[in-house]
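The values are calculated or read from the model by the stated rules, or taken from the named source; none is laboratory data. This structure is a prediction, so every number in the text was calculated from the model and none was measured. Here the Cβ positions follow ideal geometry from the backbone for every residue, glycine too, while neighbour counts run over all protein chains shown.
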Amino acid sequence: MPTVKETFEAMPGRFRPDKAGGTNAVVQYDVAGEGGGTWHVVIKDGACTLKEGPATSPALTLQIGAQEWLDMLSGKQSGQMLYMSGKLKITGDMGLAMKLPSLFQM
């Protein structure tokens, strides 16, 4: 099982530029708990860049616990169920939030 940090470091390699179609956005991930941290991705011109730390003005911010993040990526939990149960909090562009799963290979 990868660590939270390893899952973020792998994100640029899992990015699907063919699905991005003109998406230009900054997405911040605040992961709480053991192994957590703050990262953000910049999606621009068909590329994805990962940076550690908070973004200046993200279009979308996701807040989630470390175990829930790993469970979501492994398929044990769905993002929708985590959101509905309050374990995933989303601030900002909900349209972008809905599009995120298609932008990355799991």
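The table for this structure:
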| quantity | calculated |
| --- | --- |
| Strands (runs of 3 or more DSSP E) wholly inside segment 19-106 containing at least 1 residues that are surrounded by 12 or more Cβ atoms within 10 Å (Cβ to Cβ) and on the phi > 0 side of the Ramachandran plot | 37-44, 88-92 |
| Of residues in segment 14-34 being at pLDDT 95 or above and of a type in the set (Gly, Ala, Ser), the one nearest to THR49 (Cα to Cα) | ALA25 |
| GLU6 vs. criteria farther than 20 Å from GLY95 by Cα and free of Cβ contacts under 8 Å to residues at least 24 places away in the same chain | yes |
| Residue match in segment 36-46 (condition: β-branched (Val, Ile, Thr), under 15 Å from MET11 (Cβ atoms) and touching a Ser or Thr at 6+ places or on another chain (Cβ under 6 Å)) | yes |
